[in-house]
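K.L.:
The structure under discussion is supplied below as structure tokens; questions concerning it will follow.
A short reminder: the numbers here are calculations on the coordinates, not readings from a lab. What you are looking at is a predicted structure, and each value in this text was computed from that prediction instead of being measured. Please note: Cβ atoms are built from the backbone with ideal geometry, for glycine as well, and neighbour counts cover all protein chains shown.
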Amino acid sequence: MILPRWAERFWPVVPIIGALLFIIALLFLFGADPLESLNIMFLKPFENQAKMLSVMAFWVPLTLCALGLLVTFTGGLWNIGVEGQMILGSLGASWIALTVDAPAFVLIFLEIIVAMLAGALWGALTGFLKTHGKVHEIFGGLALNNLASMLSLYLIAGPWQPPEGGSFRGTPPFQEAALLPRFAESRFSPISFVLTILAIGLVFFALNNSFWGLKLKALGKNARSAFLLGVSSERETIYAMMFCGALAGLGGAVRVLSWFDSLRQNISGGIGYLAILVVMLAAYRLLLVPFISFFFSLVLNGSLTLQLKTQLHSSLGGILTGVMVLFILLFGEASKLGFRKEVEKDE
Amino acid sequence: MKIKQYWRLLGSVLILAMLLTACGGDATDAPVVEETGAPIVEETVAPVVEETEAPQSDPEPIVFGMVLVGPKNDHGWSQAHYEGGLYVEENLPGSEMLLFELLNPADKPEATLEGVVDDMVAEGATLVITTSDEFEEDTVGVAEKYPEVTFINISGDDVLTGEAPANLGNIMGRMEDMKAIAGCAAAIATETGQLGYLGPLINFETRRLASSAYLGASYCYENYRGMNAGDLEFTVTWIGFWFNIPGFTLDPTEVTTNFLDSGVDVVLSGIDTTEGIDVTGQRADTGDTVWAVPYDYESACDQKPEICLGTPYFNWGPAYLDLVTAVQAGDWVQSWDWNAPYWDDLTDNTRTAAGWVNGPALTADMEADLNAFIDGLASGDINVWSGPINLQDGTTYIADGSVATDNEIWYLPQLIEGMVGPSE
């Protein structure tokens, strides 16, 4: 049976609906009113400006990480280390914010550059471990994630501790000039939004209109053939990791410079891992990423309100998004359910 | 396309793992920034299933928000506050608690105190209690945003420093007295004259708690044991955090082992987890005569009753009941409360702000001495914070003949002379 092209295009909606049904069943099981709960999760935030800004403020770093991950996924790389790359970015930004004295625009420019460099460096390290140390990027990435969070704990408790003594809460608040200007007393920074839009364009160009993107695709499809055709898998691997690391690092900078006002002990809290789910649910399609990422941010924020109102556990939002991705992986491709695509790519 | 399938499988496993941790993790996750704390488990609390009863049936409803940094069932700091809130709900008709647990960036990167408070106020909360020094700074922010709502930050000092707006108060339990009792119990029991204090990280709070334990110990060593207080060895080892983080903090198991190897025979715990009593208990099983004083949890002695000298713990119920009642009646005024224990009965959880339970390992003689000490503290005959007290660097802190003020205790800048261990 051949699935028409339009149907195939809408196929990604199927797992989403499946997951929604699953959640509704779950809500019934807990004795909650599903309609009311879904209303609180999905619709209520739109009625409230502060809430919307908070959703957007969370959207920025999540989308940045997801964009970076698109690049590494295209190259066939599982960049679990995105979490650590984000932390390194936040350390880079904090370092400038705490030590440099300069006008705001210089400071912010420096913070962002250093954060991206730091993230890229961490990414390169994972790539290097893979190409030269034969350490798979999943394991290398996990190790570097742990190292990054230990490093940030050390800095908070040691060299960057507040004058009144380390409480592990975080560093002292940064100077006002070091913070990203925020919109209407929220944690949403318009600059970071613009940078994210630019990043979407950059990734689109890199993947679709550049020779590098073509090489990455070749690498991702079949590393051995790509190598035989003259693509340096080692170099492209490291470049892809650095590219992702830079975007994740920028995300880390946004976390400390606008979500928080200082380096906290856990600035990321799994945003990098969440971004992996975003990319999967978007089925590796760039133009879906910002929307899926918005959806995730909305659901997670909504589930906080839900927890308060109904005493349902707030991990419900996490369960919903997780179940969706699981459904995508299990039967996300129409071909797996006996349908044939119009154009057969796989032999 | 074998490889693709492999990826898919791996991906599924990964997601499943994430899901499982998302569902099951909260209860066991160590709260990331615990304050030093202790719970009161006066009554076993059944998991709250139906907590959302509409308050309209009561004539004078009051809704209060309770923000926890850790899970509500951590057998420690956060649970103590949660149970304090339940105590209010039980004893004040028309009161309803809005609970938000696990507000920390590791568990909920998408949540902020401001967002949570927005929701609580929208739900009708007229009082919000933020139960960690982690929230101190942000609580000032939301208090300014909602001047008509009353805010309480636990363990903070913004009222003292004058940084708090008029609708923000601070509450803390006077754990220092309980720590003095803990130190006294250790001094009464010790045979080697060497005590070990398992410290978390160094700040004003932990310094004054460790120092209170030392002052209690040296008083009792001199007065009940008839020894020279100067001969008492009191060593503080700071592990670096409220609980063990492998690779980052010192391992409390190892620290306790080192204490015991170096001749320490009573280990006092100032951290959130139970390594102190666990390791000491194992040592006792091999025939050594050693004791432990745990912390935080009223039933902490259950871990190893036969070596347990007693437990100091926090109890928030009475203070919260007074607070909510005052806000309901509209006569709350800003204050910085450092609530004293109820000396007549330190285990009366309807009265006391900080509690102490005698442990099963106390012999009758020891218990008599310890009770005499407690009675002395209660009547005011004994004050371990009376001079002369020198700081670790030898400077006089409290002159002979005078008694430390609350401020001097709260902002203790160093450990006390005679204690071994770093002050900062």
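K.L.:
If you count, for every residue in A:250-262, the Cβ atoms of partner chains within 10 Å of its Cβ, what is the mean? Don't jump to the answer; show the numbers that get you there.
P.N.:
Values: counts 0, 0, 0, 0, 0, 2, 0, 0, 0, 4, 3, 2, 1.
Partner Cβ neighbours, averaged per residue: 1.
K.L.:
Further, regarding this structure: Measure off 7 Å from each Cα along the Cα-to-Cβ vector at residue B:390 and residue B:257, then give the distance between these two points in nanometres to one decimal.
P.N.:
Each label point is offset 7 Å from its Cα along the Cβ direction, giving 3.7 nm.
K.L.:
Would you mind calculating the relative contact order of region A:33-311 from Cα pairs under 8 angstrom and at least 6 residues apart, reporting the percent as a whole number?
P.N.:
Taking the mean separation of contacting Cα pairs over the length of region A:33-311, I get 39 percent.
K.L.:
Note down the magnitude of the dipole of region B:274-421 about its Cα centre, charges +1 on Lys and Arg C-beta and -1 on Asp and Glu C-beta and zero elsewhere, to the nearest 20 debye. Could you put the intermediate results ahead of the total?
P.N.:
On the way: 3 positive and 24 negative charges, 42 e Å.
So the magnitude is around 200 debye.
K.L.:
5 Å is the cut-off here: which amide hydrogens, built 1.01 Å from N in the peptide plane, fall below it relative to residue B:239, excluding neighbours closer than 5 in sequence?
P.N.:
Counting only residues 5 or more places away or on other chains, the set is B:199.
K.L.:
Also: Could you state the principal axis extents of the C-alpha atoms in region A:1-127, from the largest down, to the nearest angstrom?
P.N.:
Extents along the principal axes: 57, 42, 28 Å.
K.L.:
In square nanometres and to one decimal, what's the mean projected area of the convex hull around the Cα atoms of region A:33-311? Walk me through the numbers before you get to the answer.
P.N.:
On the way: hull surface 63.6 nm².
Averaged projected area of region A:33-311's Cα convex hull equals 15.9 nm².
K.L.:
Also: Tell me which of B:105, B:323, B:154 sits at the most positive position along the dipole axis of chain B, charges placed on C-beta atoms (Lys, Arg +1; Asp, Glu -1).
P.N.:
B:105
K.L.:
Students often forget the sequence filter, so: which aspartates and glutamates lie under 18 Å Cα-Cα from residue A:130 once same-chain residues fewer than 8 apart are removed?
P.N.:
The reachable aspartates and glutamates, counting only those whose Cα sits under 18 Å from residue A:130, are A:83, A:234, A:236.
K.L.:
Past 30 Å, Cα to Cα, is the threshold; run A:309/B:304; B:108/B:304; A:44/B:108; B:145/B:179; A:221/B:108 against it and keep the listed order.
P.N.:
Values: A:309/B:304 41 Å; B:108/B:304 35 Å; A:44/B:108 20 Å; B:145/B:179 38 Å; A:221/B:108 36 Å.
Cα-Cα > 30 Å for A:309/B:304; B:108/B:304; B:145/B:179; A:221/B:108; rest within.
K.L.:
How do A:41, A:241 line up, fewest other C-beta atoms within 10 Å first?
P.N.:
A:41, A:241
K.L.:
Could you give the dipole magnitude of region B:55-112 about its Cα centre, charging the beta-carbon of Lys and Arg +1 and that of Asp and Glu -1, in debye to the nearest 20?
P.N.:
180
K.L.:
Residue by residue, what Karplus-based ³J(HN,Hα) values in Hz, rounded to whole numbers, does region A:69-82 have, using 6.51, -1.76 and 1.60 with θ = phi - 60° and x for Gly and Pro?
P.N.:
Per residue, the Karplus-derived 3J(HN,Hα) values read 5, 4, 5, 5, 4, 4, x, x, 10, 9, 8, 4, x, 4 Hz.
K.L.:
If you put +1 on each Lys and Arg Cβ and -1 on each Asp and Glu Cβ, how big is the dipole of region A:173-306 around its Cα centre, in Debye rounded to 20? Intermediate results must be reported in sequence, preceding the final value.
P.N.:
Details: 10 positive and 5 negative charges, 89 e Å.
Taking the Cα centre of region A:173-306 as origin, the dipole is about 420 debye.
K.L.:
Here's another thing I want to ask about it. Give me A:111, B:424 sorted ascending by neighbouring Cβ count inside 10 Å, so fewest comes first.
P.N.:
B:424, A:111
K.L.:
So, in nm, how far is label residue B:368 from label residue A:30 when the simple model puts each one 7 Å beyond its Cα toward the Cβ?
P.N.:
In this crude spin-label approximation the distance works out to 5.8 nm.
K.L.:
Place the peptides A:248-257, A:57-66, B:105-114 in order of packing, highest mean first, counting for every residue the other Cβ atoms within 10 Å and averaging per peptide.
P.N.:
A:248-257, A:57-66, B:105-114
K.L.:
With the crude spin-label approximation of a point 7 Å out along Cα→Cβ, what separation in nm comes out for residue A:5 versus residue B:144?
P.N.:
5.8
K.L.:
A further question on this structure: What is the pair-distance distribution P(r) of region B:374-424, computed from all Cα-Cα distances in 5 Å bins starting at 0, with each bin given as a whole percent?
P.N.:
Percent of pairs per bin, in order: 5, 20, 25, 24, 16, 8, 2.
K.L.:
Still on this structure: In peptide B:233-242, how many Cβ atoms from other protein chains are near each Cβ within 10 Å, on average?
P.N.:
Working: counts 0, 0, 0, 0, 0, 0, 0, 6, 5, 1.
The per-residue average across the peptide is 1.
K.L.:
Return the tail of the calculated pair distribution for region B:327-406, meaning the percent of Cα-Cα pairs more than 19 Å apart.
P.N.:
Cα-Cα pairs of region B:327-406 separated by over 19 Å account for 60 percent.
K.L.:
Hey, another quick one. Among A:226, A:38, A:140, flag the residue with its Cα farthest along the positive direction of the charge dipole of region A:33-311, charges on Cβ as +1 for Lys/Arg and -1 for Asp/Glu.
P.N.:
A:226
K.L.:
Please compute the average number of Cβ atoms from other chains found within 10 Å of each residue's Cβ in peptide A:169-176. Could you put the intermediate results ahead of the total?
P.N.:
Values: counts 8, 4, 0, 1, 1, 0, 0, 0.
For peptide A:169-176, the averaged partner shielding equals 2.
K.L.:
Another question about this same structure. Roughly speaking, what is the centre-to-centre gap between region B:367-424 and region A:66-98 when only Cα atoms are used, to the nearest Å?
P.N.:
50
K.L.:
What does the charge count near residue B:253 come to, summing +1 for each Lys or Arg and -1 for each Asp or Glu among other residues with Cβ under 11 Å from its Cβ?
P.N.:
Residues near residue B:253 contribute -4 overall.
K.L.:
Would you mind counting up the charge near residue A:141? Only other residues with Cβ under 12 Å from its Cβ, with Lys and Arg at +1 and Asp and Glu at -1.
P.N.:
My count for the surroundings of residue A:141 gives -1.
K.L.:
Considering amide H positions built from the backbone, and no H for Pro or chain starts, which residues 5 or more places from residue B:339, or on another chain, come under 5 Å of its amide H?
P.N.:
Amide H neighbours of residue B:339: B:172, B:173, B:174.
K.L.:
Moving on. For the protein assembly as shown, what is the Kirkwood hydrodynamic radius in Å, using each pair of distinct C-alpha atoms?
P.N.:
Mean inverse Cα-Cα distance, inverted, gives 28.1 Å.
K.L.:
Enter the Cα centre distance for the pair region B:239-292 and region B:62-88, rounded to the nearest angstrom.
P.N.:
28
K.L.:
Show the residues, 5+ positions off or on another chain, whose built amide H is closer than 5 Å to the amide H of residue B:419.
P.N.:
Those lying under 5 Å, H to H, from residue B:419: there are none.
K.L.:
Shifting gears a bit: At q = 0.14, 0.19, 0.20, 0.27 Å⁻¹, what is the base-10 log of I(q)/I(0) for region B:239-320 according to the Debye formula with one equal point scatterer per Cα and no solvent? Please give it to two decimals.
P.N.:
The Debye formula, applied to the Cα set alone, gives -0.47, -0.79, -0.85, -1.30.
K.L.:
Provide the per-residue ³J(HN,Hα) series for region B:373-382, in order, calculated from phi with Karplus coefficients 6.51, -1.76, 1.60 and θ = phi - 60°, each as a whole number of Hz, with x at glycine and proline positions.
P.N.:
5, 4, 4, x, 4, 4, 7, x, 5, 10
K.L.:
Something else: Classify region A:50-121 as rounded, prolate or oblate from the Cα gyration tensor: take a ≥ b ≥ c as the square roots of its eigenvalues, call it rounded if a/c is under 1.5, otherwise prolate when a/b beats b/c and oblate if not.
P.N.:
Note, shape of region A:50-121 comes out oblate.
K.L.:
Order of B:211, B:132, B:335 from fewest to most other C-beta atoms within 10 Å?
P.N.:
Ascending number of Cβ neighbours within 10 Å: B:335, B:132, B:211.
K.L.:
In µm²/s, what is D for chain B at 20 °C and 1.002 mPa s, where D = kT/(6 pi eta Rh) by Stokes-Einstein and Rh is the Kirkwood radius from Cα pairs?
P.N.:
On the way: Rh = 22.6 Å.
Translational D for this selection: 95 µm²/s.
K.L.:
Report the one residue of A:216, A:281, A:62 whose Cα lies farthest in the direction of the positive end of the charge dipole of region A:33-311 (charges on C-beta: Lys and Arg +1, Asp and Glu -1; origin at the Cα centre).
P.N.:
It is A:216.
K.L.:
For region B:354-361, take each phi angle, set θ = phi - 60°, evaluate the Karplus expression 6.51 cos²θ - 1.76 cosθ + 1.60, and give the result in whole Hz per residue in order, putting x for glycine and proline.
P.N.:
9, x, 9, 10, 5, x, x, 7
K.L.:
Can you tell me the relative contact order of chain B? Whole percent, Cα pairs under 8 Å, sequence separation 6 or more.
P.N.:
16
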